[in-house]
Amino acid sequence: MTVNPMYHQTNQRMEEELSWIRRAQKDPESFGPLYKKYHEQIFRYIYQRMDDEEQAFDITSQVFMKALNNLHKYEYRGVPFSSWLYRIAKSELYQSFRDRKSERTVNIESYQLFEMIDEIEEDNSEMNKKRLFASLAKLKEKDMQLIEMRFFEKRSFKEMGEILEITENNAKVKTFRAIEKLKQLFNTKS
Amino acid sequence: MEIKKVNLDRQNLSSSYIEKRQDFNHVLKSAKMTKIPTWKSPWFYGAVGLSSVAIVAMVFTNYNIKKELDDKKATLKINNNPSKAVIAKNASKSMEEIPNAHIATAQSSTLQKEALSTNQSDFKIEKVSIETNVDNTNEIVSEPAAESTTQISKAPVKRQIGQPTINGIANGIIRVDHLKNSNLIESNSSFEITSYEVQYFNGKQDVVAQIRSNAIPEELKDQIIANNIGEMIFITGIKGLDENGKIVKLPSINLKLSK
């Protein structure tokens, strides 16, 4: 399985990013390069989980606004700046769901469904595709977000751990359990 | 949280489209607008509040400590029956304001820590009583007293309306011959003195003599002269009649007898 290449950065890139952050901490206008670099990633993360495009752009703006206002609190811990942004994005997204400004939606591509069917060791038939589709809709949010990150967004367990604020191993274990639950739902249906 | 909807193969947004929607200036402006000023933040109020409380507490504690020290420095109480006199709490108080009786009391060697009371047939004496929490009582008592003795003669005598005098002296040093030649207690106004009390040492103890006239009996003068040279004599409870025949209480006379 391929993983998100944006997350994995060279030391040189990381250092450059850190210098942008340090500059932006002193002068907010220097936040521009970080905004440009991460805007699309954050937008896609948000839009993946909701249906309303405009709302997704608004929430993305809010994420960067919050990041800018709280940049003085940011501490470099050897992980990409995006992890911090994703955590803000997650918090803003869930706040929007709680405020009923938007609805939680799961967006899947057909090919991703087939990959999932392979994962749960079932036949790649049209019938199974429909069953899996229905099973995904029944999955709980905490399991769904792991499957979403791992299979639809192709994130590494390390990155998942950093976004969800858990260890890499824990992310691995939790994802495995989520797949088991999906399998159960899939088989219950049949 | 409930998953409301599952979309299959939703149209993908292109990177160029997403890039077009970037608006860093808007984010920057909004961030500036939504930023809570320092003085509005709860941290600011917490810090300011705490420091205010600390300052108030410090000021209050300092004030109390100062007050307590002042009290400890010079708390002399003289209980004189029937009249009561209390020495000024503040040692730095000007001499004019400190009744000479107290100065003299402090100066006299008869300072005692315990009250001494003697009951006699027609009078009662409660000797000088000093109340102080300071261990080095003698130091504190004697120092200001010594200073004050020298100042008694220098300090201008404050005359009050109706102030009674003996030979024109109300407070301060009176010579033996002046006392001997004085037969009356007089008032500087039109008060007619009707009674008074004299506290003096009769050779054995302090006594209080009650006199029901403005005259100074010869026998009293002799006893005072014989036993009180260098000592204080307190004439208190002086009562007189004003122009309308109304009884009024007049200020005391505090004298130090000298040769």
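The values are calculated or read from the model by the stated rules, or taken from the named source; none is laboratory data. What you are looking at is a predicted structure, and each value in this text was computed from that prediction instead of being measured. Every residue, glycine as well, gets a Cβ built from its backbone with ideal geometry; the counts of neighbours run over all protein chains shown. To get the accessible areas, we keep the full protein, side chains included, count just its heavy atoms, and leave off ligands, DNA and RNA. Shrake-Rupley method; radii C 1.70, N 1.55, O 1.52, S 1.80 Å.
Overview of values
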{"quantity": "Scope region A:46-55; condition aliphatic (A, V, I, L, M) and either more than 10 Å from chain B (Cβ to nearest Cβ) or surrounded by fewer than 17 Cβ atoms within 10 Å (Cβ to Cβ) (or both); matching residues", "calculated": "A:Ile46"}
{"quantity": "Matching residues, region A:71-87, being free of Cβ contacts under 8 Å to residues at least 40 places away in the same chain and either within 21 Å of A:Arg150 (Cβ to Cβ) or touching a Ser or Thr at 6+ places or on another chain (Cβ under 9 Å) (or both)", "calculated": "A:Arg77, A:Trp84"}
{"quantity": "Filter pass, A:Glu121 being open to solvent by 80 Å² or more (accessible area, probe 1.4 Å), outside any helix (DSSP H, G or I), touching a Phe, Trp or Tyr at 6+ places or on another chain (Cβ under 9 Å) and not aromatic (Phe, Trp, Tyr)", "calculated": "no"}
{"quantity": "Residue satisfying all of: in region A:124-143; of a type outside the set (D, E, K, R) and not in a helix (DSSP H, G or I); most open to solvent (accessible area, probe 1.4 Å) among these", "calculated": "A:Asn124"}
{"quantity": "Residue identified as closer than 19 Å to B:Thr165 by Cβ, assigned to a loop (DSSP other than H, G, I, E, B) and of a type in the set (S, T, N, Q) among B:Ser213, B:Ser195", "calculated": "B:Ser213"}
{"quantity": "Which listed residue is at pLDDT 85 or above, under 13 Å from B:Lys256 (Cβ atoms) and either among the β-branched types (Val, Ile, Thr) or out of contact with any helix residue (DSSP H, G or I) (no Cβ under 6 Å at 6 or more places or on another chain) (or both), from B:Asn228, B:Asn181, B:Asn171, B:Asn214", "calculated": "B:Asn228"}
{"quantity": "Pair list, Cβ under 7 Å, 6 or more apart: region A:170-185 residue free of Cβ contacts under 8 Å to residues at least 24 places away in the same chain, other residue aromatic (Phe, Trp, Tyr)", "calculated": "A:Lys172/A:Phe157"}
{"quantity": "Selected residue [within 9 Å of chain B (Cβ to nearest Cβ) and under 28 Å from A:Asn69 (Cβ atoms)] from A:Arg87, A:Arg104, A:Arg155", "calculated": "A:Arg104"}
{"quantity": "Residue count for region B:221-241, restricted to those that are open to solvent by 30 Å² or more (accessible area, probe 1.4 Å) and in a strand (DSSP E or B)", "calculated": "2"}
{"quantity": "Only listed residue being closer than 30 Å to A:Phe43 by Cα, within 14 Å of chain A (Cβ to nearest Cβ) and modelled with pLDDT under 70, chosen from B:Lys4, B:Lys29, B:Lys35, B:Lys20", "calculated": "B:Lys35"}
{"quantity": "Criterion: away from every other protein chain (no Cβ under 11 Å) and modelled with pLDDT of 85 or more - qualifying residue of A:Met127, A:Met144", "calculated": "A:Met127"}
{"quantity": "Qualifying residue in region A:31-45 (condition: in contact with a strand residue (DSSP E or B) (Cβ under 9 Å, 6 or more places away or on another chain), facing another protein chain (nearest Cβ under 9 Å) and not in a strand (DSSP E or B))", "calculated": "no"}
